[in-house]
Every structure is written in C-alpha cells, then in structure tokens.
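Undergrad: I am attaching a structure below and will ask some questions about it afterwards.
The values are calculated or read from the model by the stated rules, or taken from the named source; none is laboratory data. Owing to the predicted nature of the structure, the values given are computational and were not obtained by experimental measurement. We place every Cβ from the backbone using ideal geometry, glycine too, and count neighbours over all the protein chains shown. Note: accessible area is taken over every heavy atom of the protein model, side chains too, but ligands, DNA and RNA are not part of it. Shrake-Rupley method; radii C 1.70, N 1.55, O 1.52, S 1.80 Å.
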Amino acid sequence: MKKYLILMAVMASVLSYAQDYTFKVLANKGSNEVKTSGGWQSVKTGISLKQGDELKISENAYLGLVHVTGKPLELKQAGSYKVSDLAKNVNGGSSVLNKYTDFILSSNSAEAKKNRLSATGAVHRGLESIKIQLPENQHASVFSNTVIINWDAKSSVPYVLKFKNMFDDELLKTETPETPFKLDLTDPKFAGESAILVEVTSKTDLKTKSEAHLIKRMSNSEREKISKSLAETPELTEEVAFNKYLLAAFYEQNKLLIDAIAAYEQAIQLAPDVPTFKESYEEFLLRNKLREPK
C-alpha cells in the first residue's frame, strides 16, 4: 500500500510538472512583453506562460498561443492581458493538438536546425535546372483538393506547366509568369485520375525544365483515417492563420507534405506580416529536402 501511495504521488508530481503552464507561445511578432515573477521581459517563441503572468501587446503586433487544453488563440489587439483572464475565455480545445504544438517547437528549435545543417543536405534530383518543391514519390499522396506548386529556377519567366496521367496523356497545359501555381484537383480535367505527373519548363528555353513529379490522390481508406484524426482537432479546419500553421504540423507528422505546403501558404497569405510562419515554412522545406540550402 505504501509503495502504491508513493507511486501515485510521483505520477501526480510528474503530471503537475508537465502541465505547469497555461499557454505556450508558438508565433510572435512585435515588441511584446511578459511580466513574470522575475519582472518584465521580451516574449520569445517557445516560452511558456503561467497563470499569474501578464502580457503587454505592442501596436501592430501578433501572438499565437496554444492553451494547455490544446485550444489555439490569436492575439492582435494592442494592450495588457492577464494570462488568467485569457485562460477564462478559452472554451474547450483538444489535448491531441498539444503533440503538434510540441512538434512545431522541436522542429524549429536551435538544436533541430543544427542537426539539419550537419546532415547530408538536400536531395539532388539529377541535373534539372528547374527544381519543383514537391516530395519524392513515397510522400506524393495528397488529402485536400488544393496543391500549391512552387519551383526554384535559374531561367527567366514565363513558365509552362504540363500535367499528364500515368499513360502520358496530357491533361492540362498552362502558362504562368510566376510561382507559385495553385492546382485545383476538382477540375473536371483530372476527374478519375488517381495519379498526376507535373513538369515545369521555361517557355523561352525548352532545355530548361524540371523532372516530372508525382501527385497522388489518397485511397478512400487513407482519407477516412486522416478525416477521423482531423475530427479530433476541429480547430485545425478554421480559416485562421495560426490554425493553418498548426494544420501544417498535423500534415507533416502524417507524412502529407504536399498538404503541409498548402497549409503554410494559407497561413502566410492570411498573416503575411508574421515572420514566424515564413521562417517555419523555410525550415520545413529544408528539413524535408524540398529546397536546396542557399
């Protein structure tokens, strides 16, 4: 009985330590400050906010927070906020979301960047002069109907994009003056196609082109699995920049890199002046070898 009581005390202590915060800061813009027991200090991405802390949000600033329960919260209005008051206004939230919070913080930590820099580097796909920022075939599955296609190119615009099926039949050919290109998989041209190949070529120099990259629709069973996971975290489907940022982490952890790209692009589009989203997107591309280091 005594051993059991000691074990329960230890478990309670560990749980209390693990949840010894009210919010975590995942996105930050501006000269924001937090008042703790040690006085005022600058807010930094990755820090934890406790119940007794106080925030001071500057003009034109931004904070993206995640509550201990998993509820995301954006702060854009300048002013002072008590963390305890912010917590009172948090309704619900999914604790499942916390694992994506931890994934974001660990993936963008100084240690993670150091490990990436010491790794072998980007994947070199032959000698193509246009490099499409899409993953290798084993990670070519896509859950949503929107695919964002970016590329690094040394040639001048315009570009020609060709989409073919696995029988080399041309489904769509289009010209664009710039990157990125948004592909809508609900387009009737792609109806009934489970796999699509995309290639980018310079219109002025046909020798300047990319390799063909695969975009693969998920099977019904795979879609059902992802849909079930998303249903556990309904906040991720909201049209809010910070939520899209969290959605990108969800997709990356599920090896859906094409969907993660679209989520990052949406987050940046909704909040173009928040550097956290752009910096994290860049790190995502580099660690998944979708872009070569400059």
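Undergrad: So which of N60, N91 ends up being at pLDDT below 95, surrounded by fewer than 16 Cβ atoms within 10 Å (Cβ to Cβ) and either within 22 Å of the chain's Cα centre (by Cα) or within 26 Å of Q253 (Cβ to Cβ) (or both)? Give the derivation first.
TA: Numbers: N60 fails: either within 22 Å of the chain's Cα centre (by Cα) or within 26 Å of Q253 (Cβ to Cβ) (or both).
One residue alone meets the criteria, N91.
Undergrad: If I filter the stretch 225-244 for residues that are in contact with a helix residue (DSSP H, G or I) (Cβ under 8 Å, 6 or more places away or on another chain), touching a residue at least 24 places away in the same chain (Cβ under 8 Å) and surrounded by fewer than 18 Cβ atoms within 10 Å (Cβ to Cβ), do I get at least one hit? Write out each step before concluding.
TA: Restricting attention to the stretch 225-244, the residues satisfying the condition of being in contact with a helix residue (DSSP H, G or I) (Cβ under 8 Å, 6 or more places away or on another chain) are 229-230, 233, 235-237, 239-244.
In the following step, the residues that additionally are touching a residue at least 24 places away in the same chain (Cβ under 8 Å) were identified as 229, 233, 235-236, 239-244.
Add one more test, that the residue is surrounded by fewer than 18 Cβ atoms within 10 Å (Cβ to Cβ), and what stays is 229, 239.
Yes, because at least one residue in the stretch 225-244 is in contact with a helix residue (DSSP H, G or I) (Cβ under 8 Å, 6 or more places away or on another chain), touching a residue at least 24 places away in the same chain (Cβ under 8 Å) and surrounded by fewer than 18 Cβ atoms within 10 Å (Cβ to Cβ).
Undergrad: Only one of these is part of a loop (DSSP other than H, G, I, E, B) and modelled with pLDDT of 80 or more: F163, F167. Name it.
TA: On the way: F163 fails: part of a loop (DSSP other than H, G, I, E, B).
Among F163, F167, only F167 is part of a loop (DSSP other than H, G, I, E, B) and modelled with pLDDT of 80 or more.
Undergrad: Filter the stretch 175-212 for residues that are surrounded by 12 or more Cβ atoms within 10 Å (Cβ to Cβ) and closer than 13 Å to I148 by Cβ; which is modelled with the lowest pLDDT?
TA: By that ranking, first place goes to T179.
Undergrad: Does K44 count as surrounded by fewer than 20 Cβ atoms within 10 Å (Cβ to Cβ) and within 26 Å of the chain's Cα centre (by Cα)? I'd like the intermediate steps shown before the answer.
TA: On the way: surrounded by fewer than 20 Cβ atoms within 10 Å (Cβ to Cβ): yes; within 26 Å of the chain's Cα centre (by Cα): yes.
Spelling it out, K44 is indeed surrounded by fewer than 20 Cβ atoms within 10 Å (Cβ to Cβ) and within 26 Å of the chain's Cα centre (by Cα).
Undergrad: F284 passes all but one of (1) open to solvent by less than 20 Å² (accessible area, probe 1.4 Å); (2) more than 11 Å from the chain's Cα centre (by Cα); which number fails?
TA: Against the list (1) open to solvent by less than 20 Å² (accessible area, probe 1.4 Å); (2) more than 11 Å from the chain's Cα centre (by Cα), F284 comes up short only on (2).
Undergrad: While we're on this one: Residue by residue through the stretch 62-100, note down the ones that are in contact with a Lys or Arg (Cβ under 6 Å, 6 or more places away or on another chain) and under 25 Å from F284 (Cα atoms).
TA: The answer is Y62, V66.
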